[in-house]
Amino acid sequence: MEDYDLDILLRDAGLDTIAVRGGQRRNAEGEHSEALFLTSSYVFPDAATAAARFSGEEEGNVYSRYTNPTVRNFESRIAALEGGETAVATSSGMAAIMSTFMALLQAGDHVVCSRDVFGTTTVLLNKFFAKFGVEVTFVSLTSQSQWREAVRENTRILFLETPSNPLCEVADLGFLAELAEAVGCLLVVDNCFCTPALQQPLKLGADLVIHSATKYLDGQGRCVGGVVVGRHELLNEVTAFMRAAGPTMSAFNAWVFLKGLETLRLRMEAHSRSAMDLAVWLQQQEGVERVYYAGLDDHPGHDLACRQQRDFGGVLSFCVTGGMESAWKFIDATRLVSLTANLGDAKTTIVHPATTTHSRLSEQERELGGITPNLIRVAVGLEDVADLKTDMERGLGALSGR
Ligand SMILES: *Cc1c(COP(=O)(O)O)cnc(C)c1O
C-alpha cells in the first residue's frame with residue numbers, strides 16, 4: 001500500500017483506527033511496527049539537493065532539531081486524533097506551553113488564564129513572561145463573567161485546562177471559543193486530563209490544543225514530552241520558534257508515545273470506569289467528607305462534562321474528616337498506590353495537593369481555589385479497583401484508629 005492511500009484511507013477513520021495506524025510511513029524494510037530513527041542528521045544525495053533543502057525549496061530531512069521521521073509519525077498521529085491540521089512535538093509539556101507563548105505573544109500582549117492551571121504554567125507566566133512585558137490576569141475557570149470582564153484590547157490568548165486539577169471543575173469550551181472569536185484572540189486548551197479519547201477541544205472551537213505527553217499519551221510513566229496541535233498558520237509560528245530555540249522531542253520518546261497512543265482509548269475508558277467506581281465508593285465511606293469527580297451527579301460540572309466529554313477521566317479528589325494531619329495519615333497508611341505527584345500512569349498515584357503540587361500558592365490562594373488541608377488527589381490507574389479500595393480502606397483505618 002502506498003503512503004498516499006493511507007492518508008486517504010484514514011481521512012474518515014474512527015479514533016481507534018487513527019490511534020493505531022495514523023502517520024506511519026513504512027520503509028523499504030517493510031517493518032510492521034513504527035521505525036525508530038536514532039539519527040541527528042541526514043545525508044543528502046548530492047550538493048544540489050543539500051542546497052534545495054537548506055533554502056526550503058525542497059522538503060526533506062536536514063537535522064533532527066528540525067524534523068525526524070519518528071517524531072513526525074507521532075505528530076501526524078496526535079494531530080489526526082485531535083482533529084487538527086498539524087502538530088509539533090516538544091521535549092516536555094512545559095516546552096509546548098512555553099513555545100506556544102513565545103511564538104504567539106509579544107511585549108504588551110495580555111493573557112487571560114484560568115487560576116487552576118498546572119502550577120508551573122502559572123510560574124512561567126508570572127515570573128518569566130512578565131519579564132518580557134506580557135501581562136496576565138487569572139480568573140476562575142467556571143466564571144463566565146470573570147472571563148468576559150478580564151479580556152482587554154491587548155488580550156491575545158485565553159488559556160485553560162478542563163477539567164481542572166484536582167477538583168475536576170469543567171469550563172464551557174463553546175462559550176470560551178465564542179468569547180475568543182468575539183474579541184479576536186486565540187483559545188488555547190491544555191487537554192492533558194481528557195486526551196482526544198475523551199474530549200476534542202479543536203472541534204469545540206479552540207484554536208490550539210496542548211498536551212503534556214508525559215501523562216496519558218504515554219500512560220505508563222516512562223517519558224517526558226509535549227505537543228501542540230492546531231492550524232498550519234499558527235503551528236508554523238510555533239515550529240519556527242522550536243527550530244530556533246531547540247526544545248524538540250527526542251526520537252526515542254516519540255516512539256514510546258506512538259506506542260502509547262495505540263492503547264489510548266482503551267486506557268482512558270478503563271481509567272474512567274475505575275475512577276467512577278472508586279468515587280461512588282468513597283462517597284459512602286465514613287471518614288470521607290466530600291468527593292470531587294465530574295462523573296458524580298452532585299458535581300457542579302457534571303452536566304457540562306456530560307455534554308462536552310465522552311467520559312470523566314482518571315483523576316478524582318476527596319476531603320477526609322480532620323485537617324492536614326488526617327490527610328497525611330491516610331496517605332501514609334496506603335501501601336499499593338504510589339505517593340508521587342505524577343498522573344496519567346497505569347499505576348495509581350496519590351498526593352496531598354496543599355503541601356506538594358499546590359504548595360507554592362499562598363494559604364489565601366489555596367483557600368480560594370478549594371485546595372483545603374484535608375484534600376487528597378488520586379489519579380486512578382489500571383489496577384483491579386477492588387485492590388484500590390482495599391488500599392483506601394487502609395487509609396481510612398488510620399483515620400479512625402482502626
Ligand atoms: C504535567 C502537566 C504539564 C507539564 O507537563 P510536563 O511534561 O511535566 O512538562 C502541563 N499541564 C498539565 C495539565 C500537566 O498535568
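The values are calculated or read from the model by the stated rules, or taken from the named source; none is laboratory data. As the structure is a prediction and not an experimental result, all values here were calculated from the model. Because the Cβ atoms are built from the backbone with ideal geometry, glycine has one as well, and the counts that use them run over all protein chains shown. Just so you know, the surface numbers come from the protein's heavy atoms only, side chains and all, with ligands and any DNA or RNA stripped out. Shrake-Rupley method; radii C 1.70, N 1.55, O 1.52, S 1.80 Å.
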Report summary line: Rounded to the nearest 10 degrees, the helix 173-183 long axis (Cα) sits at an angle to the longest Cα principal axis of the chain of 60
Requested in this report: For PHE252, put the label point 7 Å out on the Cα→Cβ axis and report which residues of the stretch 26-44 keep their amide N under 15 Å from it.
Outcome: 36-40
Query - Amide H contacts under 5 Å for ARG231, placed H, 5+ residues apart - result: GLU85
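Rg/Rh for the stretch 246-402 to two decimals, with Rh computed the Kirkwood way over all alpha-carbon pairs.
Working: Rg = 16.6 Å, Rh = 16.6 Å.
Using only Cα positions, Rg/Rh for the stretch 246-402 is 1.00.
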Query raised in the report: To the nearest 10 degrees, how steeply does helix 324-333 sit against the main Cα axis of the chain, on a 0 to 90 scale?
Result: 70
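Taking the Cβ-Cβ separation of ALA245 and GLU59 as r and a Förster radius of 25 Å, what is the calculated FRET efficiency to the nearest 0.05?
Values: r = 22 Å, r/R0 = 0.87.
Between ALA245 and GLU59 the formula returns 0.70.
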Report summary line: Applied in sequence order to the stretch 297-313, the curve 6.51 cos²θ - 1.76 cosθ + 1.60 (Karplus, θ = phi - 60°) yields integer Hz couplings, x standing for Gly and Pro, of 6, 8, 7, x, x, 4, 5, 5, 4, 4, 7, 9, 10, 7, 7, 9, x
Report summary line: Here the FRET efficiency for ALA346 versus GLU393, based on Cβ atoms and R0 = 22 Å and rounded to 0.05, is 0.50
**Report entry** Among 34-41, 367-374, 208-215, the order from most to least packed when residues are scored by Cβ within 10 Å on average
**Finding:** 208-215, 367-374, 34-41
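Based solely on its DSSP helices, what 222 nm [θ] is calculated for the chain when runs of n ≥ 4 H residues each add -39,500 (n - 2.57) and the sum is averaged over all residues, nearest 500 deg cm²/dmol? Numbers along the way, then the final one.
Working: 16 runs with 163 residues, N = 402.
Only helices count here, giving -12000 deg cm²/dmol.
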Report summary line: One computes Rg over Rh for the chain from alpha-carbon atoms, with the Kirkwood Rh, and obtains 0.99
Query raised in the report: HIS232 versus THR321, label points 7 Å from Cα toward the beta carbon: distance in nm?
Result: 6.3
Query raised in the report: Given H placed on each backbone N at 1.01 Å, which residues far from ILE157 in sequence or on other chains put an amide H within less than 5 Å of it?
Result: HIS110, VAL112, LEU186
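Given a 1.4 Å probe, how much area per residue of the stretch 267-400 is accessible, in Å²? Mind showing how you got there, number by number?
Values: 6090 Å² over 134 residues.
Accessible area per residue, the stretch 267-400: 45 Å².
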Report summary line: For the chain, the longest principal axis of the Cα atoms and the Cα long axis of helix 93-104 enclose an angle in degrees, to the nearest 10, of 60
Report task. Hey, can you grab everything whose amide H is under 5 Å from the amide H of VAL139? Only 5+ residues off in sequence or another chain; H modelled, so Pro and N-termini drop out. Result -> CYS113, SER114, ARG115
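Quick one: order LEU361, LEU336, LEU217 from most to least accessible surface, probe 1.4 Å.
Result of the area sort, largest leading: LEU336, LEU361, LEU217.
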Report summary line: Whole-Å distance linking the alpha carbon centroid of the stretch 283-347 with that of the stretch 131-179 is 24
Query raised in the report: Which whole-Hz couplings ³J(HN,Hα) result when phi for each residue of the stretch 110-126 is put into the Karplus expression 6.51 cos²θ - 1.76 cosθ + 1.60, θ = phi - 60°, listed in order with x for Gly and Pro?
Result: 10, 10, 9, 10, 6, 5, 9, 6, 3, x, 5, 4, 5, 4, 4, 6, 5
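Output the relative contact order of the chain, whole-number percent, from Cα pairs under 8 angstrom with separation of 6+ residues.
Details: 771 pairs, mean separation 64.4, N = 402.
The value is 16 percent.
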Report task. Per residue of the stretch 357-368, in order, report the coupling 6.51 cos²θ - 1.76 cosθ + 1.60 (Karplus, θ = phi - 60°) as ³J(HN,Hα) in whole Hz, putting x for Gly and Pro. Result -> 4, 10, 6, 6, 6, 6, 4, 5, 5, 5, 4, 4
